[in-house]
Amino acid sequence: MGLGSGARAPVDPAVRGELRAGCASGSEGRGVGRGQERDCSSPGEGRDRSGPRPQACTAPRRGSAGAFPAWPGRGREAAAAAASRSPATAPAAPGTMSGSGPEEPQPSQASEEDRQQEAEQDWAAAKAFYDNLVTQRPRPPKPQNAITVAVSSRALFNLVEEQRIYEEQGVEKYVEYQQKNENIILKPGPAFYFVKALEHVNTRLLELYPDDEERFDIVLMTNVHAQVGVRLINSINHYGLTIERFCMTGGQSPIGYLTAYLTNLYLSADSDKVQEAIEAGIASATMFTANKDVVYSDTQLRVAFDGDAVIFSDESEQIFKEQGLDRFFEHEQLNENKPLAQGPLKGFLEDLGKLQKKFYAKNERLNCPIRTYLVTARSAASSGARVLKTLRSWGLEIDEALFLAGAPKGPILVKIHPHIFFDDQMFHIEGAQKLGAIAAHVPYGISQKYQKSS
């Protein structure tokens, strides 16, 4: 259980080009995390990673696999706060005199402000160009305003057969197969219906707020080679998906581009890449396909969250794992009025809440196309109050809260039919899969240590 912040970072001029167009070049760094599954949807994914693993250099590390500090809370608010520090509040540089005139901004602050200003100018120029084009298609929102969801090709589509060819016959045969079959439409993958639901929310938002850019922006973030991109484009167009931003990195890890695209949520079938993104402070989850076909709502986005190490930090989970259930109950009752710290997915829940309030403002509460669920193994009477008070202290609402007191989550999820269910423990993921729920594993918190040891 933990809170996420929809991590974002200021835009660097060196990557402004990627904000306007898809990128088909390699990014720096390789995956370093270790998870339960490897994504093998393209060359470079799912390789044998025995032997020394190179360290990723795409973003500052927030800890290593097996060490789980408090979630850093890297969101647009943190970035804005850093960028908005005025020279007046900055400490004086060594050797300068205070009170003798206006203070000069520190070099790092000036550099950051310059980058922000250049990014704004760059986006304004791009917007001016596209404003002169006549089109019925909605223009992608400005990245600083959008809720960016990056999804890998294997999460979006079923690429099991393609991966088998890559593993058994190699990269050249893989590319050849994809090109020969580029007019054969790919079948939906585990994130497909989630993406469709996001786009339905966008349609409703545009009806109510035609000029508002605070909506979902879907980015295809994958390490497939650009030579196979035509098949992905054909499949996206066949299903009527609105995915305009592509990043195809040709076998290299795409993680370095997540900050360039100001990503709020990253979904992949490659647990190594997801672990790397989590360590970089980006809300991420590994997608797993349900074992049964179920019908998903096409008029309401339904998102279910576990609590500890997903929405909240793993603080309480650590007590439970290391000191037992009775000590956990005692700890939660003693700290009932102390809000839990945030975990990886808190930011995404917050983003959903912001969009819900837009519908409420138009008297659409009963017809809101977003519904959120807390599905937790906690007991309500023994440890539920702290959870609800924490959400209240953050100003967040959850539509439904289900305290299961250790009961299996699968039967509840079958009733909810969520487009995605986030949990930090694999046995809950596996239980959800068996009953037909789309599950996403968040590799964060002390439970990962126990899963690896077992």
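The values are calculated or read from the model by the stated rules, or taken from the named source; none is laboratory data. All values derive from a computational prediction rather than experimental measurement. Every residue, glycine as well, gets a Cβ built from its backbone with ideal geometry; the counts of neighbours run over all protein chains shown. Ligands, DNA and RNA are excluded from the accessible area calculation, which covers all protein heavy atoms including side chains. Shrake-Rupley method; radii C 1.70, N 1.55, O 1.52, S 1.80 Å.
Number of residues in segment 185-235 that are in a helix (DSSP H, G or I) and without any contact (Cβ under 8 Å) to a residue 60 or more places away in the chain: the value is 10. Look at segment 391-402: where a residue is within 16 Å of Arg371 (Cα to Cα) and a partner is part of a loop (DSSP other than H, G, I, E, B), sitting 6+ places away or on another chain with Cβ atoms under 7 Å, you get Leu391/Ile398.
Determine, yes or no, whether Val175 is buried (at least 20 other Cβ atoms within 10 Å of the Cβ) and of a type in the set (A, V, I, L, M). Judged against the criteria, Val175 is not a match. Within segment 359-370, restricting attention to residues that are open to solvent by 30 Å² or more (accessible area, probe 1.4 Å) and in contact with a Leu (Cβ under 9 Å, 6 or more places away or on another chain), the residue that is nearest to Pro210 (Cα to Cα) is Lys362. A count restricted to segment 331-350 and to residues that are in a helix (DSSP H, G or I), open to solvent by less than 50 Å² (accessible area, probe 1.4 Å) and either touching an Asp or Glu at 6+ places or on another chain (Cβ under 9 Å) or of a type outside the set (D, E, K, R) (or both) stands at 4.
Considered as a group, the residues in segment 142-160 that are under 15 Å from the mean Cα position of the chain (by Cα) and in a loop (DSSP other than H, G, I, E, B) include one that is surrounded by the most Cβ atoms within 10 Å (Cβ to Cβ), and that residue is Ser152. Residues of segment 237-253 that are in contact (Cβ under 8 Å) with a residue 24 or more places away in the chain and either among the hydrophobic types (A, V, I, L, M, F, W, C) or out of contact with any helix residue (DSSP H, G or I) (no Cβ under 9 Å at 6 or more places or on another chain) (or both): His238, Leu241, Ile243, Glu244, Phe246, Cys247, Met248, Gln252.
When segment 188-221 is examined, which residues are found to be among the charged types (D, E, K, R) and loosely packed, with under 12 Cβ neighbours inside 10 Å?
Hits for segment 188-221 are Glu207, Asp211.
From the list Leu435, Leu402, Leu413, the one residue that fits, being touching a Ser or Thr at 6+ places or on another chain (Cβ under 9 Å) and over 17 Å from Ser313 (Cα atoms), is Leu402. When residues of segment 326-343 are filtered for being in contact with a Gly (Cβ under 9 Å, 6 or more places away or on another chain) and not acidic (Asp, Glu), how many remain? The number of residues fulfilling the criteria is 4. In segment 371-379 there is at least one residue matching the filter, namely being of a type in the set (D, E, K, R), within 22 Å of Lys354 (Cβ to Cβ) and either touching a Pro at 6+ places or on another chain (Cβ under 6 Å) or open to solvent by 10 Å² or more (accessible area, probe 1.4 Å) (or both). Taken together, Lys449, Lys389, Lys409 contain a single residue that is in contact with a strand residue (DSSP E or B) (Cβ under 7 Å, 6 or more places away or on another chain) and basic (Lys, Arg), which is Lys409. The residue that is least open to solvent (accessible area, probe 1.4 Å), counting only those in segment 284-305 that are assigned to a loop (DSSP other than H, G, I, E, B) and in contact with a Leu (Cβ under 9 Å, 6 or more places away or on another chain), is Ala290.
Of the residues making up segment 237-254, those that are surrounded by fewer than 22 Cβ atoms within 10 Å (Cβ to Cβ) and of a type outside the set (Ser, Thr, Tyr) are Asn237, His238, Gly240, Leu241, Ile243, Glu244, Arg245, Phe246, Gly250, Gly251, Gln252.
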